[in-house]
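Q: Have a look at this one.
The values are calculated or read from the model by the stated rules, or taken from the named source; none is laboratory data. Everything numeric here is computed off the predicted structure, so don't read it as measured data. Counting neighbours? That spans all protein chains shown, and the Cβs are built from the backbone with ideal geometry, glycine included.
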Amino acid sequence: MNIILLGPPGAGKGTQAVRLAQDLVLPHIATGDLLRKNVKQGTQLGKEAKDYMDKGLLVPDELVAEMLRHRMSDSDVKKGFILDGYPRNLNQAKTLDVLLKDLNLEIDSVVYLDSSESVILQRLTGRLVCSGCGSNFHIKNMPPKKTGICDHCGGKLYQRTDDKEETVKKRLEVYKQETASLIKYYESKQKLRRLSADEDAQIVLKKIIQLAKEFDDSLKV
Ligand SMILES: [Zn+2]
């Protein structure tokens, strides 16, 4: 089962990817983690990436794709994977197709976590982060025991500038523009499965698993 998870900021994609991977016992491949790991381990690709990061530049697509190629060659990927954070645009999707073809792999299903703007705004603008340990809280959904104070370490909670309403709206706009052609691409290949992600994370997870399993069954028929 080779799955790509897509979704706008605030749809809970990262959390769902981790849980889905645990539930289906598949490797969770997040390009952000992959990049950090390569840098930390000082691999050749990691060193090249670090040069860009040290200069405050974006790591080029080709480098990230190479890291992905290495990861996708690992034996644990043979039984399937959950890809998270990649591709972000049509170009990357085409790069991924070439890369997978070389490895004799194919994407089975692209799950798009669809969230309404009001839910995303409510989720993201209410988010609080601990300045001490980085724990996440939410004004409504997961409030700290003491207002403004972290339950775990007593650190001060703050709102990321990224999570201010105007910024969230802008991030959503950028996301929509970047992914419109990507979504059409997977739609045309009949791989896109849309799923409403407005409900509780637990319910959304169940729906993704059901969808993935239905798809897996249809392959076996
Ligand atoms: Zn804390």
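Q: If the Cβ limit is 9 Å and pairs must be 6+ apart or interchain, which residue in segment 4-28 that is farther than 16 Å from ASP114 by Cβ pairs with which residue that is among the polar types (S, T, N, Q)?
A: Between residues of segment 4-28 that are farther than 16 Å from ASP114 by Cβ and residues that are among the polar types (S, T, N, Q), the close pairs are ARG19/GLN202; LEU26/ASN2; HIS28/GLN22.
Q: Six or more apart or on different chains, Cβ atoms under 8 Å: show the pairs whose first residue is in segment 54-71 and at negative phi and whose second is loosely packed, with under 12 Cβ neighbours inside 10 Å and not in a loop (DSSP other than H, G, I, E, B).
A: ARG69/ASP102
Q: Hey, could you check segment 75-86 for residues that are exposed (fewer than 14 other Cβ atoms within 10 Å of the Cβ) and closer than 19 Å to LEU20 by Cβ and say which is modelled with the highest pLDDT?
A: Checking each candidate, the answer is ASP76.
Q: Here's something else I'd like to know. If a residue counts only when it is surrounded by 14 or more Cβ atoms within 10 Å (Cβ to Cβ), which strands (runs of 3 or more DSSP E) contained entirely in segment 87-199 have at least 3 such residues?
A: 109-114, 127-130, 192-196
Q: Out of GLU187, GLU166, I need the residue that is more than 14 Å from the ligand (Cβ to nearest atom) and closer than 30 Å to LYS94 by Cβ. Which one?
A: Within the list GLU187, GLU166, the selection yields GLU187.
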